[in-house]
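What follows is calculated from the coordinates using simple rules that are stated; it is not laboratory data. What you are looking at is a predicted structure, and each value in this text was computed from that prediction instead of being measured. FYI the Cβ positions are ideal-geometry reconstructions off the backbone, even for glycines, and counts take in every protein chain you see.
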Amino acid sequence: MRWWRFLLGCLGLVLAAALVVLVARSLGLSAFPRFGELRRAVESAGLWGPVVFVLLQVALNVPPFPRTVFTVSAGVLFGAVGGAALTLFATALSAVVAFALVRATGGGLVARYARHPRAVWVRRRLDHHGVLAVTSLRLIPMVPFAVLNYLSGLSQVRFWPYLVGTVIGSAPSTIAVVALGDAVTGHVPPALLLVSGICAVLGLGGVLLAARRPLPDEPDGVTPGGAGPTGTAPPAG
């Protein structure tokens with residue numbers, strides 16, 4: 001149950017950040033007074049601001065660079081709505097690029113990492129469940145974004161289910177974090193903080209869905225750690 005403790009820790013961090021933002025705003029305080037100036041500078045760059053942001057996120061998210069850095073930055077630089085749209089587009093684009101690279105190279109670049117029991121667990125769900133598998137796996141914070149891109153390229157999942165599942169599964173956490181990034185500037189309406197909380201709950205629901213849905217050929221109780229009820233690893237079929 002270690003993954004539950006990790007998940008609860010992440011949710012607690014998000015709730016603590018939201019509480020700090022709300023208290024600061026109620027007191028008329030701003031811990032980051034220069035964020036407004038930074039956003040105005042980005043707006044003055046015109047179309048180049050969003051273009052550079054998307055290209056930079058794609059360039060760094062194809063390799064395993066943390067996507068959260070860009071998600072928070074999108075809220076700070078572009079606001080809740082514009083930031084969510086931009087980072088979701090860049091997320092989808094970087095996922096497509098990584099998927100295409102693995103398929104084009106025959107998986108040779110990352111195949112040596114795909115024999116780990118957790119990687120096998122992920123690949124078997126991708127092989128069997130399509131959109132549902134990609135969506136639910138994107139909702140699990142313990143599955144790194146770049147790693148899932150690589151494993152999807154190695155699996156039998158088709159392109160369109162992969163893309164649709166990526167967008168749907170990435171949306172709740174993206175919207176939640178972008179809204180919090182916008183909140184530190186003092187420009188986000190309270191309704192968006194509510195949306196952020198709802199998206200976090202949806203993400204938790206996705207974790208439960210992924211954890212409880214077994215493969216047709218495996219017994220109940222097989223976990224992402226690669227151990228079944230008796231502690232044996234699942235077959236790498």
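If you plug each phi of region 42-48 into the Karplus form 6.51 cos²θ - 1.76 cosθ + 1.60 with θ = phi - 60°, what whole-Hz ³J(HN,Hα) values come out, in order, with x for Gly and Pro?
Those phi angles translate into 5, 5, 5, 6, x, 5, 5 Hz.
Taking 7 Å along the Cα-to-C-beta vector as the label spot, tell me the Val52-Phe65 distance in nanometres, rounded to one decimal.
Those two pseudo-labels are separated by 1.4 nm.
Quick one: 3J(HN,Hα) in Hz for region 103-109, Karplus 6.51/-1.76/1.60 with θ = phi - 60°, rounded, Gly and Pro as x.
5, 5, 8, x, x, x, 6
Note the full-extension length gain between Ala41 and Ile198 as 0.36 nm times their separation in residues minus their Cα-Cα distance, in nm to one decimal.
53.4 nm
Taking R0 as 22 Å, what FRET efficiency do you get between Ala100 and Val164 from their Cβ-Cβ distance, rounded to the nearest 0.05?
0.85
How long is the gain from Ala92 to His116 if the chain were fully straight, where each residue apart is worth 0.36 nm and the alpha carbon distance is subtracted?
6.1 nm
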